[in-house]
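Following: one structure in structure tokens, then a few remarks.
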Amino acid sequence: MTMMPAIGRELSNPPSDGISNLRFSNSSDYLLVSSWDKSVRLYDANADLLRGEFKHGGAVLDCCFHDDSSGFSVCADSKVRRIDFNAGKEDVLGTHDKPVRCVEYSYAAGQVITGSWDKTIKCWDPRGASGMERTQIGTYQQPERVNSLSLVGNRLVVATAGRHVNIYDLRNLSQPEQRRESSLKYQTRCVRCYPSGSGYALSSVEGRVSMEFFDLSEAAQAKKYAFKCHRKSEDGRDIVYPVNAIAFHPIYGTFASGGCDGFVNIWDGNNKKRLYQYSKYPTSIAALSFSRDGGLLAVASSYTFEEGDKPHEPDTIFVRSVNEIEVKPKPKVYPNRAV
């Protein structure tokens, strides 16, 4: 494992309060950022340019792209919004009964999926005119408050409070394909599907990540495992930090994890190895996103109030160039084996 000295380039005009999420576009180096300051911002990460901003009626808890100039945001005011930066307009697709925690757009299904603290996920057709009766496709009850969502192809993974994990096929949402319990003992912070579509990584507040597989065969399930991360020993005590963020590299399938310790680690999940640890960021890592070609990594350095209200570093977005050596899996070495 090698240490990198630089933490990346700081973007100008960051949000004025906690960063809830950030995501790169699938077709450019545009970056969408949601914040507790009630804003959704669109940046050109390469040019360090704020291209647009919307202010909502409450803290914005998540956002995702539709295309380069438009996307969706979900809010503590319980609303689901479609936002169009080119036209400078927004409209409300619909509402939940409580704050909406997460949003994903399925290119496979042409649907927006939202997860809320009202213990439901809802699907919306953004092509419908505004108004819930025209855009809402379905409401699906969950066992607890929704904490995190992730999509790969037609598969949707829903992670809720109470350590529940529901796995759906978007083509038939009436029942989960699988109902699981998290392999980790403590509350789920983040779930992210493998780019290969074979499974998902799950992180918890207790400094662990589990690597899971959709295939229920004995052989596939034997490959799952969990590992400790984002912790340190101090005066003989193990100090454990929540793992807030996971982001997979789009080319190599390795992944970054970000914790309340202010560190970003790069992992090779297949070979069970840490490849890199970047220099420490000013405060907790709230969110991570690789660009579409994996050449950039956006890092939200933003205190997540895990220790309550206290003086903390300003909320900052860093964009760092990613060197292949940091993210490319290393070939396994077999000593004393004839080639």
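The values are calculated or read from the model by the stated rules, or taken from the named source; none is laboratory data. Source: prediction; values computed, not measured. Don't worry about glycine lacking a Cβ; one is built from the backbone with ideal geometry, like all the others, and counts go over all protein chains shown. The accessibility values were calculated without ligands, DNA or RNA, using every heavy atom of the protein model including side chains. Shrake-Rupley method; radii C 1.70, N 1.55, O 1.52, S 1.80 Å.
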Query raised in the report: Got at least one residue in segment 221-228 being under 19 Å from residue 287 (Cβ atoms) and in contact with a strand residue (DSSP E or B) (Cβ under 7 Å, 6 or more places away or on another chain)?
Result: no
Query raised in the report: When you look at residue 118, is it in contact with a strand residue (DSSP E or B) (Cβ under 8 Å, 6 or more places away or on another chain), open to solvent by 10 Å² or more (accessible area, probe 1.4 Å), at pLDDT 95 or above and among the acidic types (Asp, Glu), yes or no?
Result: no
Requested in this report: Any residue in segment 103-124 that's under 12 Å from residue 93 (Cα atoms): show its pairings with residues that are among the aromatic types (Phe, Trp, Tyr) and in a loop (DSSP other than H, G, I, E, B) at Cβ separation under 9 Å, as long as the two are six or more apart or on different chains.
Outcome: none
**Report entry** Enumeration of residues in segment 27-62 that are part of a strand (DSSP E or B), of a type in the set (Ser, Thr, Tyr) and open to solvent by 10 Å² or more (accessible area, probe 1.4 Å)
**Finding:** 30
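Has segment 19-30 got any residue that is free of Cβ contacts under 8 Å to residues at least 60 places away in the same chain and over 30 Å from residue 119 (Cβ atoms)? Before the answer, list the steps.
Step one: filter segment 19-30 for residues free of Cβ contacts under 8 Å to residues at least 60 places away in the same chain, giving 30.
Now restrict to residues that are over 30 Å from residue 119 (Cβ atoms): 30.
Yes: segment 19-30 contains one or more residues that are free of Cβ contacts under 8 Å to residues at least 60 places away in the same chain and over 30 Å from residue 119 (Cβ atoms).
Hey, among the residues in segment 215-245 that are hydrophobic (A, V, I, L, M, F, W, C) and in contact with a His (Cβ under 9 Å, 6 or more places away or on another chain), which one's modelled with the lowest pLDDT?
To start, the set of residues in segment 215-245 that are hydrophobic (A, V, I, L, M, F, W, C) comprises 216, 219-220, 222, 226-227, 229, 239-240, 243, 245.
Next, only the ones that are in contact with a His (Cβ under 9 Å, 6 or more places away or on another chain) stay: 240, 243.
On the way: 240: 94, 243: 97.
Of everything passing the filter in segment 215-245, 240 is modelled with the lowest pLDDT.
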Report summary line: A careful count of residues in segment 127-165 that are open to solvent by less than 30 Å² (accessible area, probe 1.4 Å), over 21 Å from residue 245 (Cβ atoms) and either at pLDDT 90 or above or polar (S, T, N, Q) (or both) gives 3
Query raised in the report: Do any residues in segment 145-166 that are farther than 10 Å from residue 116 by Cα and of a type in the set (S, T, N, Q) have Cβ atoms under 6 Å from those of residues that are at pLDDT 95 or above and buried (at least 21 other Cβ atoms within 10 Å of the Cβ), where the two are at least six apart or on different chains, and which pairs are they?
Result: 150/157; 150/191; 150/192; 150/193; 166/158
Requested in this report: Please verify whether segment 300-310 includes one or more residues that are surrounded by fewer than 23 Cβ atoms within 10 Å (Cβ to Cβ), part of a strand (DSSP E or B) and modelled with pLDDT of 95 or more.
Outcome: no
Report summary line: Counting only residues in segment 194-217 that are among the aromatic types (Phe, Trp, Tyr) and either outside any strand (DSSP E or B) or in contact with a Pro (Cβ under 7 Å, 6 or more places away or on another chain) (or both), the one surrounded by the most Cβ atoms within 10 Å (Cβ to Cβ) is identified as 194
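Restricting attention to segment 174-185, does a residue exist that is of a type in the set (S, T, N, Q), part of a loop (DSSP other than H, G, I, E, B), open to solvent by less than 50 Å² (accessible area, probe 1.4 Å) and under 14 Å from residue 117 (Cα atoms)?
Looking only at segment 174-185, we keep the residues that are of a type in the set (S, T, N, Q), and these are 174-175, 178, 182-183.
Keeping just the survivors that are part of a loop (DSSP other than H, G, I, E, B) gives 174-175, 182-183.
Now narrow it down to the ones that are open to solvent by less than 50 Å² (accessible area, probe 1.4 Å): 182.
If we keep only those that are under 14 Å from residue 117 (Cα atoms) too, we end up with none.
No, every residue in segment 174-185 fails to be of a type in the set (S, T, N, Q), part of a loop (DSSP other than H, G, I, E, B), open to solvent by less than 50 Å² (accessible area, probe 1.4 Å) and under 14 Å from residue 117 (Cα atoms).
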Query raised in the report: When both residues are 6+ apart or on different chains and their Cβ atoms are under 8 Å apart, which pairs have a first residue that lies in segment 236-264 and is over 20 Å from residue 296 (Cβ atoms), and a second that is among the aliphatic types (A, V, I, L, M) and not in a strand (DSSP E or B)?
Result: 242/205; 243/205
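Identify the residue in segment 66-82 that is crowded, with 22+ Cβ neighbours inside 10 Å and of a type outside the set (D, E, K, R) and, among all such residues, is farthest from residue 151 (Cα to Cα). Steps first, answer last, please.
Narrowing segment 66-82 to residues crowded, with 22+ Cβ neighbours inside 10 Å: 71-75, 80-81.
Applying the additional criterion that residues be of a type outside the set (D, E, K, R) yields 71-75, 80.
On the way: 71: 16, 72: 15, 73: 17, 74: 17, 75: 20, 80: 18 Å.
Among those that are crowded, with 22+ Cβ neighbours inside 10 Å and of a type outside the set (D, E, K, R), it is 75.
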